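Where a number appears in this text, it was derived from the coordinates with a stated rule and is not lab data. The model shown is predicted, which means the values in this text are computed figures rather than measured ones. Cβ placement follows ideal geometry from the backbone for every residue including glycine, while neighbour counts extend to all protein chains displayed.
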Amino acid sequence: MRATATAQPNIALIKYWGKRDTALNLPAVGSISITLSDLYTRMTVDFDDGLEQDVLHLNDEPNDKLLPRLSNALDIAAGGDRPKARIISECNFPIAAGLASSASSFAAIVVAASAAMGIERSVGELANLAGRASGSAARSLYGGFVELENSGDAVVVGELLSADDWPLDVVVAVTATGPKPVGSTEAMEISRKTSPFYDRWVSDQPDDLASARDAIASRNFSALASIAEHNCLKMHSVMWSSRPAIVYWNDATLACLQTIRQLQSDGVAVFFTIDAGPQVKAVCDPADTATVEAALSATDGVRDILTSGLGEGARLT
Ligand code: 2P0
């Protein structure tokens with residue numbers, strides 16, 4: 001009753017922010033993301049009747065902090081009456097810092113737990129289970145360009161283009177490595193309840209999704225850049241206008257945006273996106289990756305640079 005799965009994080013270009021059902025963890029809006037190739041979470045689940053409690057080892061260290069949500073994900077995937085499990089997680093990038101570590105973790109654990117229990121599930125079923133654990137995790141079941149549709153009692157997730165259909169790179173400028181001040185789940189609820197812009201955010205999302213879908217279908221980089229930056233800044237405007245305000249940015253976050261604006265005016269094919277954290281993700285044409293890496297590395301306050309191509313969905317390993 002043991003299996004190992006690997007999943008990569010995904011970066012939303014059209015963002016998920018807000019829930020329409022907190023009990024089922026259903027998003028209020030659809031979203032479109034790209035799955036990365038070089039950052040990963042590898043998760044082994046070993047169900048053992050002899051254990052009295054679930055235990056988690058993360059990067060070879062015991063970890064009680066992240067265990068409750070992973071135990072909940074095991075309940076979702078294997079049922080509340082499942083045996084207890086030994087969970088061994090390896091992650092090659094910073095956790096809970098706005099780098100989508102929850103997406104890769106929950107995608108991997110659902111795939112590993114299903115296999116360890118001997119339950120065969122379609123990728124769509126696995127995506128729905130991962131999404132109940134963490135909304136963005138549903139998208140990491142698929143590779144390349146992924147759309148999560150917000151309809152009915154289950155989310156519908158599918159691949160718009162594969163990673164090979166339109167190879168892009170993502171250069172992540174790491175501007176802080178600590179955990180974020182407020183987690184996404186709590187922050188989304190604050191926004192839903194208090195931001196005066198929240199309803200407009202939700203009602204505009206279908207138009208942004210349609211624009212991004214068209215840009216991806218025609219591989220139109222400048223059209224995708226324009227809608228992705230707009231959608232990102234709109235999500236952060238909802239966060240900033242929440243009470244209390246949810247501000248994930250720091251000085252270096254803004255400095256990176258200025259660097260990217262300069263690159264764009266120099267003719268470099270690059271655009272930014274920022275999630276629930278201070279890191280800036282620069283999406284670019286692989287021909288421009290070295291230029292983007294050099295410019296972001298030289299930006300004040302940038303501590304590290306991680307570069308990734310686009311990759312495949314979660315799978316057994
Ligand atoms: C996204 N984020 O679409 C957006 C953009 C952060 C900003 O999905 O409550 O960890 O577990 O469903 O998926 C982060 O939220 O939230 C997220 P839960 P999740 O990638």
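Sort region 217-266 into rounded, prolate or oblate with this rule: let a ≥ b ≥ c be the square roots of the eigenvalues of the Cα gyration tensor; rounded if a/c is under 1.5, and if a/c is not under 1.5, prolate when a/b is larger than b/c, oblate otherwise. Could you put the intermediate results ahead of the total?
Working: a/c = 4.11, a/b = 1.47, b/c = 2.80.
Cα axes put region 217-266 in the oblate bin.
Taking 41 Å as R0, compute the FRET efficiency from the Cβ-Cβ separation of ASP204 and GLU125 and round it to 0.05.
0.85
Under Stokes-Einstein, with the Kirkwood radius over Cα pairs standing in for Rh, what whole-number D in µm²/s applies to region 148-200 at 4 °C and 1.567 mPa s?
Values: Rh = 15.5 Å.
Approximately 84 µm²/s, per Stokes-Einstein.
Averaging the inverse of every distinct alpha carbon separation and then flipping it gives the Kirkwood radius. What is it for region 169-308, in angstrom units? Please list the in-between numbers first.
Values: mean 1/r = 0.0633 Å⁻¹.
Evaluated on region 169-308, it is 15.8 Å.
Considering only DSSP states other than H, G, I, E and B, which GluC sites (Glu not before Pro) in region 74-164 qualify as loop sites with at most 15 other Cβ atoms within 10 Å?
Taking region 74-164 and a limit of 15 other Cβ atoms within 10 Å, the loop GluC sites (Glu not before Pro) found are GLU120.
Apply the a/c threshold of 1.5 to the C-alpha gyration tensor of region 2-164 and tell me whether it is rounded, prolate or oblate. Each step should come with its number before you reach the end.
Working: a/c = 1.73, a/b = 1.43, b/c = 1.21.
It comes out prolate by the Cα gyration axes.
For the ranges 269-281, 224-236, what's the packing order if you count other beta-carbon atoms within 10 Å of each residue, average per peptide, and put the highest first?
Working: 269-281: 24.8, 224-236: 20.8.
Descending packing order for the listed peptides: 269-281, 224-236.
Where in region 171-197 does the amide nitrogen come within less than 14 Å of the point 7 Å from the Cα of ARG303, taken along Cα to Cβ?
Output list for this probe position: 173-181.
Projected area of the chain, taken from the Cα convex hull and averaged over every viewing direction, in nm²?
Numbers: hull surface 60.9 nm².
If I average the Cα hull's projected area over directions, I get 15.2 nm².
Helix by helix through the chain, keep the DSSP H runs that span 30 Å or more along the axis on Cα and average at least -0.5 on Kyte-Doolittle, and give those back in order. Mind dumping the intermediate values first?
Details: long enough: none.
Helix filter hits for the chain: none.
Fewest Cβ neighbours within 10 Å first, please rank SER297, SER31, SER122 accordingly. Could you put the intermediate results ahead of the total?
On the way: SER297 14, SER31 28, SER122 9.
Final ranking by Cβ density, sparse to dense: SER122, SER297, SER31.
Given a Förster distance of 35 angstrom, what is the FRET efficiency for ARG315 paired with SER218, based on the Cβ-Cβ distance and rounded to 0.05?
Working: r = 29 Å, r/R0 = 0.83.
That pair, ARG315 with SER218, gives E of 0.75.
Using the Cα gyration tensor of region 83-225, with a ≥ b ≥ c the square roots of its eigenvalues, what is the shape: rounded (a/c below 1.5), prolate (a/b larger than b/c) or oblate (neither)?
On the way: a/c = 1.39, a/b = 1.22, b/c = 1.14.
Judged from the Cα gyration tensor, region 83-225 comes out rounded (a/c under 1.5).
Tell me which lysines have Cα within less than 25 Å of LYS65's Cα, excluding those fewer than 8 residues away on the same chain?
LYS19, LYS84, LYS180
Work out the charge dipole of the chain with +1 on the Cβ of Lys and Arg and -1 on the Cβ of Asp and Glu about the Cα centre, then indicate which of TYR198, ALA173, LEU67 is farthest towards its positive end.
TYR198
How large is log10 I(q)/I(0) at q = 0.24, 0.30 Å⁻¹ when the Debye formula is applied to the Cα atoms of region 80-137, each weighted equally and without solvent?
For the requested q values the scattering log ratios are -1.05, -1.28.
What trypsin sites (Lys or Arg not before Pro) does region 60-145 have in DSSP loop regions with at most 14 other beta carbons within 10 Å? If you can, show how the numbers build up before the last one.
Details: sites: LYS65, ARG69, LYS84, ARG86, ARG121, ARG132, ARG139; in loops: LYS65, LYS84, ARG121.
Passing both the DSSP loop test and the Cβ count: LYS65.
Only four residue types carry charge here, +1 at the Cβ of Lys and Arg and -1 at the Cβ of Asp and Glu. Report the dipole size of region 2-164 about the Cα centre in Debye, rounded to the nearest 20. Mind dumping the intermediate values first?
Working: 13 positive and 20 negative charges, 77 e Å.
It comes to approximately 380 debye.
Roughly how far apart, in whole Å, are the Cα centres of region 275-317 and region 202-261?
Result: 16 Å between the Cα centres.
Would you work out the charge dipole size for the chain about its Cα centre, treating the Cβ of every Lys and Arg as +1 and the Cβ of every Asp and Glu as -1, and quote it to the nearest 20 debye?
The dipole of the chain has a size of about 660 debye.
At 222 nm, what value in deg cm²/dmol follows for the chain if DSSP H runs of at least 4 each add -39500 (n - 2.57) and the sum is divided by all its residues, to the nearest 500?
Values: 8 runs with 114 residues, N = 317.
Calculated at 222 nm, the ellipticity per residue is -11500 deg cm²/dmol.
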